[in-house]
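All remarks here apply to the structure that follows.
The values are calculated or read from the model by the stated rules, or taken from the named source; none is laboratory data. Keep in mind that what you see is a predicted model, and the values were worked out from it rather than measured. Here the Cβ is made from the backbone with ideal geometry for all residues, glycine too, and neighbour counts use every protein chain on show. Quick note on the areas: whole protein, heavy atoms, side chains included, nothing else; ligands and nucleic acids left out. Shrake-Rupley method; radii C 1.70, N 1.55, O 1.52, S 1.80 Å.
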Amino acid sequence: MDFNRLFPLSSLYFEPLSGRAVDSHVEHRRLGFVALARRHASHLVGLRSSSTVGNYLTALRSFSSFLGGTDVSLGAVTSRLVCGYARWLADRGVTRNTASCYLRSLRTLYRAVGSHARGGGNRPFADVFTGNVPTAKRAASVAGRSSFWAIPTAATPAISWWITSSPRCLPPTTSKTRG
């Protein structure tokens, strides 16, 4: 039985094709957080939806850019570093919901790859916003839709053609019909 095929994450903690456990601390010291998280995300292909894995990889690219292309150890992923990353995102105009999505993805990856290396006391994502902000509705208001129909069609031949060629798209009438 191929244990690594059944449990893809086992390659992080077990030698390939053997049952002998490898000291996970050695692996985590050798590879930094970003490298371990990328490895974990690659193992999730086929196990999670492609959009979830895509979100993880996008968040990792952004975090790596924040780090200047370098990697950090799991122990270096602290609340101070994560708060600095959140500020860095805000300074670049990233919306709160997008930043929150990145931070949730990184938190999930951190929990997955860091569970064997830390004692459980380190909670670097506790001080950053990982919720959702309601998005303001941006649809045209009733007044805005009414003003569209008030556009003089003689001045805009394309609109005039569109209105006259599509009977289903005629503006609402004010006269009542008997039916």
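Using a probe of 1.4 angstrom and keeping all protein chains present, the accessible surface of region 51-132 works out to 51 square angstrom per residue. In terms of packing, defined here as the mean over residues of other Cβ atoms within 10 angstrom, the peptides 79-89, 98-108 line up highest first as 98-108, 79-89.
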